[in-house]
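The values are calculated or read from the model by the stated rules, or taken from the named source; none is laboratory data. Quantities reported herein were computed from a predicted structural model and do not represent experimental measurements. Methodologically, a virtual Cβ is constructed for each residue, glycine included, from the backbone with ideal geometry; neighbour enumeration extends over all protein chains shown. Please note that ligands, DNA and RNA were not included when accessible areas were found on the heavy atoms of the full protein model with its side chains. Shrake-Rupley method; radii C 1.70, N 1.55, O 1.52, S 1.80 Å.
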Amino acid sequence: MKGRSLKLKEAHKSDKSNGAVGSVCSILWDVEAQHIITSSSSDSSILIHDTLLQSTPPKGLQHHRDGVTALALSPNSTCLASGSIDHSVKLYRFPDGEFQTNITRFTLPIRALAFNKSGSMLAAAGDDEGIKLINMIDDSIVRVLKGHKRPVTGLAFDPKGEYLVSVDSSGSLIFWELSSGKTLYTLNEVAPDYGSDTSVLNVLSWSPNGDLLAVPGFKSDVVMHDRDTAERLFSLKGEHDQSVCFLSWSPNGKYMATSGLDRQVLIWDVDKRQDIDRQKFDDTICCMSWKPHGNALAVIDTMGKFGVWESAVPSSMKSPSDGAPNLKSRTNGLLFFEEDEPNSSSSANLNEDDGDSHVEIEQVSRKRLRKQSALDALDENSDDKANSLPEIEPRKKSSRNHKKHLANGSEEIHSIMKPRESKMQEAFQPGSTPAQTGKRRFLCYNMLGTITTIEQEGYSHIEVDFHDTGRGHRVPAMTDYFGFTMASLNENGSVFANPSKGEKHMSTLMYRPFSSWANNSEWSMRFEEEEVKVVALGTGWVAAATSLHFLRIFTEGGLQKNVVSLDGRVVTASGFKNKLAVVYHVSDSLPSNDQMLEFRVLNISDGSRPLQGRLPLTPGSSLSWFGFSEEGQLGSYDSKGVLRVFTEQYGGSWFPIFSANKEKKSENYWIVGMNSTKLFCIVCNYPESYPLVIPKPVLTPVSLLVPLASSDLGEHGLENEFILNNLYIAQTHKKIENMATAGLDTVSLEDEAFDLEASLDKCILRLIAACCNADKLVRATELVRLLSIEKSVRGAIKLVTALKLPALAERFSGILEERLLNERMGTIAKASIIPNESLMNSVEVHSTSKVTDKVPEPVPALPSLKPTSHLSTEQEKSEGKVISKMGGKVDSNMNLDEANMKNGASKVKLDRNINPSPNTGKVSCEKNIKEGSDLGEIPRPQNPFAKATSNQKNSSIFDSIKKMKVNSGSRG
C-alpha cells in the first residue's frame, strides 16, 4: 500500500535540550469542527486554530507557567481544561479562550484529563498516582481514586456513563465503577511498560458505542477488551513495526487510527481487522483526533508540528462520520455517588499522607453471560499476559433513579439543541502578517514597499523600506510606543493604528508624511471606546474604519473631512489615488459559513460612490486580499485561491482570472498586488500561509489563468488568452469613453486599444486553426465573426482553403461579403447628410436594386469602422506565399492556388510559440502558417481611434460612391 505525503505545520517549538527526543503534544477538534486546539509539554501556551479562517493567526492562551501536558474539551465544546507540568489544572471558556479558574492542583505534573459524556465531571491524574473526580457544577472534588502504583497516563469515561478506566506507565489498567467509586477489575501489565520515560504515554480509548475498550498491546498491536467483563476479545496486529503510542476511534466506530513509534499512522477497518491506509511521517505522531463531521484526521507529532489528513478513509468506503451513534449517558448529569463504606480504601484525599493506603482491592469475580460470537474465535495467538484474567461472574446493573435519568436526558437534549454559531470573518489589513513573539513581522507589504516591526523590551521598532530604492524616500526607523498592529503605505507617507488599550479602551491613528514643506507635519488621532480595525491611504487622504462601523476620512494634513456609517462590521479596506474601497458584512454568515460581504467604492475628491455591490467568494472561503491593481482595477482574492476583478461588463460583474487550484497544490500564494497581466505574490510552501521577514521573501510574478473547463479542443492556453484579451479590450474601451466624456486626451488609450484588438485577432486565427484540425467547424465559424480586421478574415479564408475545407472557405467568404456590404450601407447612411440629396437618392435606389437581385462580389474594402491591425514583419514578407502543409513540400515562391493544385495537404497546425522579432519587437509565427494575401505588401491599416489629419481627403466617401456606380453599371 503506497503511502501519501502529508506536510505538517509548526505550532509549538520542541524542547531539544539535554538530548530530549521530543515533547508530548495534544490535539483536539471542537464539536462543530470549527477549531483545532493544540498544546505541547515544551510550551506553556495553548493554541486555538480557526479551521474556517486559516489565514488568521491562532489564538494563544498563556496561563500556565510550564509546558501543557494534557487537554480535554467538554462534549458540547463550551469548556476547555488543561493540565501542566506546573501541577495545575485550569479551565477556559471556549471558543473565546477566556480564563475561568484554577480548578485544582496536584503535587506533581499532570498527565491525563477526561470529561464524562454529559460534561458534568472532569477526571484528572498524573504522577501523583491518584485520580481526582471534579464536579463541574461547583468545582468540588467529589472523590479521589487510588489504586495505581505508577504515574497515571491515560483516562477514559465509558460513553454509557458506568465506568472510568485508567492506565499507568507500567501498562496496568483499572476499571472503576462510577456509582460507588470501587475497583471492578485490575489488569496488570496489559500495555507496554515505559518506566520513567515521559516522552511516551500509555493511552486507552472507548469505542463510541461503549462496547469495546482499545488498549495498546505488547506485540505492536491494539487489544480490544469487553466493556463489562474486561476480557480480551481480539486485536489489530501485524502492521506496526514498533509499539503503538496513540489510538483514536472514528466517530461512527467503524474505523480506528493508530500511531506507532515506527512513525507510521495506520487507518484500520475494525470489523475486517485490517489496515486500509497508512502514512509515514518524519517524527512520531503522539496525538490524533478525528473530525466530528466529515472524513479528516488531525495529527500532531513530538516536534509540535500539526496537520490535517484529508480523506483519511478512502472515498470508496463509508465515511467515518456516517452513522455515528448519539448515545445518551445512563448517569445523572451530576454524578451522585453512593455513600462510602467505612472500610473502603479505594478512595482518599491526595493531600493526606497515606502511603500505606495504596492497597490493590481484590477483584470481584464476575462474568457477563453473553452469546457466543465470531469474536471469540479470533486471537488464538494472544499474549499470555493479556489472557491472564480470573474467572468472573455476571454482575447486577446498578439501579438508576428515574427522575434523575429524565433530568439528565433533558440536560443533554439542551446541549444538543444548542444553536450553531456562525463564524463571521474578522477585520484584517491587506499585506500584513500575524504577530510572532520575538520575530519581525510585516505591518504592510504592497507593490511600493514594506513596513516591518519587532517588539523589543516593551516597545516596537518600525522600519519602512521601498522595493525601488532609487524612487522611494529614505525613511528613518521609528520607535513605536503605541504598539501599532496595522499600517498602510503609499508614495507620500504611511499611516499606523493600534487596537484599543487601557482603561478607556483608546485606539490611536497616526500619519507620517515622507516629505513636507512645513515642520511637524506628522499628526495623530485618538478614539475612546472605539477601535481602529483597518487603515487605508490615497492621494491626499487617510481613512480608518472602526469598531463602531464608522469610516473616518481625514485629509493629508489631519483635517477630519468626513465620517461615513457602514452597513455592517468592516472586513478590510484599500486605497488608490482618489478611490477608497471598503468591504463589510451585510449579515451574519450562513449556516454553511459562507460570508455575506458587500463592497463600496468611494471617490474622495468629489464625494461620489461610483460602485457598490455584493462581493462574491468561493463557497466556504474567506477574503484573504483586497485591493487595486496598478491600473486601478479592483480585485479580491479568497482563501480558496480564486482571484477576481471587477469589470463594467454585464452591468458590473466580478470575473475570476486566476485559480490557485490550477497551479501547484503544494504551494500557497500570499498576494501582494497585481497588474493587467500578472499576479504578484510570495509563494509559501504548504502548509505555511504567509511569509517571514527574514529571510527576505521573493516577490514572484504569476501569469493570470482563468479557471476554464477542460475543453475538447485541447487549447487551454489560447482560450485563456482569448478571454483575457476580450476583458482587457472592454476595460480599455470603457476608459476611453470615460476620458472622452471628461474632455481628456485619449490618444494613448486609443493606441493601446488598437494593439489589443490586433493581438486578439492573432489569437482567434490560431483558435480557428485548432478548430479546423479538431473538426469543430461551427466553432470556427463563430470565431471568424469575432475578427475585428478585414485582413484577418481574408487570412482565415486562405487558412481553411489550404486545409482543404472548401465549404468552410465559402462560408467565411460569405461572412466577409456580408461585412463589406454592411460597411458600405453604413457609409452611405452617413453620407446622406450632405446637401446633394439627388445624387444620394440615385445611389441608394441603384444599390438597393442590385442587393435584391444578387449578392455583390468582394471589392476592395472601404475604410472600416472597426479597429484594424497589420500583421508582423515576417508575415508581411510572406504574403502571397504558400502555407506549408503536412505531408508534402511546397515551393515558397508559388502562390497559394498553385500550391493547392500541386500538393494534397492534410490538416495544418499553427505554431503556438510566439516569439518577439529581434528587429521590430512584433510577434511572428515561426513554423507552419503565415498570414498573407495575394495583393502584395499592404501598409499598416489606419487606426480608427486616431484623430483625422489634414492630409486625409474629404472626398473619399464620394469617390467610393462613384466606384460603386461604375461597378454596378458594368455588371448591368
25 °C / 0.890 mPa s Stokes-Einstein diffusion coefficient of the stretch 120-229, Kirkwood radius on C-alpha pairs, µm²/s: 174 µm²/s
Inter-centroid distance (Cα atoms) of the stretch 576-640 relative to the stretch 38-68, Å: 31 Å
1.4 Å probe accessible area per residue over the stretch 584-691, in Å²: 41 Å²
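By accessible area of protein heavy atoms, probe 1.4 Å, what ranking do Val152, Val142 get, highest first?
My answer, sorted largest first, is Val142, Val152.
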Inter-label distance, nm, simple model (7 Å from Cα along the C-beta direction), Ala740/Trp517: 3.9 nm
Solvent accessible area, Å² - Asp228, 1.4 Å probe, full protein context: 10 Å²
Heavy-atom accessible surface of the stretch 605-760: percent carbon and sulfur, 1.4 Å: 52 percent
Accessible surface of the stretch 78-199 [probe 1.4 Å, protein heavy atoms]: carbon and sulfur percent: 48 percent
